[in-house]
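These notes are about the structure you will find just below.
Any read-out appearing in this document is the output of simple, stated calculations on the displayed coordinates, not a laboratory observation. For clarity, every value in this text was computed on a predicted model and none was experimentally measured. Here the Cβ is made from the backbone with ideal geometry for all residues, glycine too, and neighbour counts use every protein chain on show.
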Amino acid sequence: MSSVAEARYCANGEQCVRFDPAARKADKLSRYNRQSVCEACQRREAIRHDETPPEHAELFRVARLLFRAGVGDESDIIPTLVFAANVGEIPDLRDISNLAQKPLLRDISDGVAALDDPDRREAWTDFSVRVRESFDYLVAPEGTIEGAPILHQNPFRLILVEGDHEGLEEVNIDVFERSVQPDYVAKKYEEYLKKTNVAIDPSRGRISYKVYERFIRIVVQPETISMDRADGRILPLQPGPPGFPDPLVVAGVYSVLRGSRTKGKFVGLSSVLVGRERGPSSPADYLIPACVAWYVAGRGERIEQTEERHRAVRIVNQGLLGPCGKEPLPESSRTLWDTARNASGAIGRLEQALHPQKRTGDLGQVFGSFEKPI
């Protein structure tokens, strides 16, 4: 005599997708279903699992804004998304973001133009300073879209250090990206010497360097010793305040330190810099979703896990590309993750800058690193 197996029903009970109110029963499970819930509920859970994580809601919102506003510059996309990804975790950023919600700052397409508006000048200046300080002067705000700050990333910066007495004591040049060219460094260095009325000494000068984890610092100082210890030779000092080394000499030193990634050339110290040495930047259609996917995949920690990559792509398709009318990416997309890896250096540098405990010392007076000064 054969026994009949007892019918099994979805463990979700009244919450079952196929709950029958008349029979007061959840969906009957197939004999092939080894799970405790029906296939319809399993599909619902899979979709729910791939929904935008609540902690990244602002990141997705801002990413959609970037697409809709047509922002395509890599130097704008990365810092803007880093700010959005961290705004919910860092109180200082939340405070800055709240400032951007004020009507006067909610939509500013051009930060420079805001300075010409008497009603917005003070609020924008304060906002700009607070953003720069939060990122250790690595970024500058360009404007806002619907209350979201649009930031610009600086490839390098100049720090003018004044001594105890009036006058410039040294110039620190911090380079963050491989794309910074020696002639550009020379141009900006010379501009700020002229701005501070500092003379150039073509015959002498001191140039040293330090290699930090994510940038190269070149320290430029005037030479104040007239006699050489090696053989007693004397080169008389110029009258007046000491002059600084020639801009072309500074550019030459940086060129050697930077080196080249081209095969057969001196490598230099370019390995500590981020970005590409030359060539076009990543298109926004890949860079924006790549940055978002990097955060969804545990800030890049899980991008080597195949299932985690597939899940991140599904979330990006559903929460970003779909609402923006963009073609969905295949779950096995290699271009997306190659782009994310390429951007990870720039993202990581900005993430690190957001932690004040990692900064030491007074930076002095910060000048000249901004492509679009405000």
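Quick look at the values:
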item: Percent of beta bridges antiparallel (DSSP, the chain, rounded to nearest 5); result: 95
item: Packing-based exposure ordering (other Cβ within 10 Å, fewest first) of L248, L66, L193; result: L248, L193, L66
item: Gain upon complete extension [D20, D117; 0.36 nm per residue less C-alpha separation]; result: 28.6 nm
item: Cβ-derived FRET efficiency at R0 51 Å, R94 paired with K263, nearest 0.05; result: 0.60
item: The chain: angle of helix 182-195 to the longest principal axis, Cα-based, in degrees nearest 10; result: 60
item: Label-to-label distance, nm, for residues given as E327 and V256 (7 Å Cα→Cβ offset); result: 5.0
item: Tilt relative to the chain, helix 39-49 - C-alpha long axis, 0 to 90 degrees, to 10; result: 20
item: Taking the chain and dividing mean pair separation by its residue count, relative contact order in percent (alpha carbons under 8 Å, at least six apart); result: 18
item: No Cys partner within the rule (Cβ under 4.7 Å), the chain; result: C41, C291, C324
item: Ascending count of other beta-carbon atoms within 10 Å, so fewest first, for L354, L320; result: L354, L320
item: 29 Å Cα cut-off, lysine pairs counted over the chain (separation 8 or more, or different chains); result: 19
item: FRET efficiency for E304 and A40, using Cβ-Cβ distance with R0 set to 30 Å, rounded to 0.05; result: 0.35
item: Amide H partners (placed H, <5 Å) of E169, local residues excluded; result: V161, E162, G163
item: Nearest-ten-degree value, helix 121-134 long axis tilted from longest Cα axis of the chain; result: 80
item: Label-point separation in nm, D107 to R8, each point 7 Å along Cα→Cβ; result: 5.6
item: Once exposed loop GluC sites (Glu not before Pro) are cut out (DSSP; at most 11 other Cβ, 10 Å), longest piece of the chain; result: 214-300
item: Highest-fluctuation residue, A340, A69, A57 considered, GNM on the chain with Cα pairs under 10 Å; result: A69
item: Translational D in µm²/s for the chain (Stokes-Einstein at 20 °C, 1.002 mPa s, Kirkwood Rh from C-alpha pairs); result: 88
item: Neighbour net charge for L151 - beta-carbon separation under 9 angstrom, K R +1, D E -1; result: -2
item: For L99, L287, order by how many other beta-carbon atoms lie within 10 Å, fewest first; result: L99, L287
item: Cβ-Cβ FRET estimate between R233 and Y209, R0 fixed at 22 Å, reported to 0.05; result: 0.30
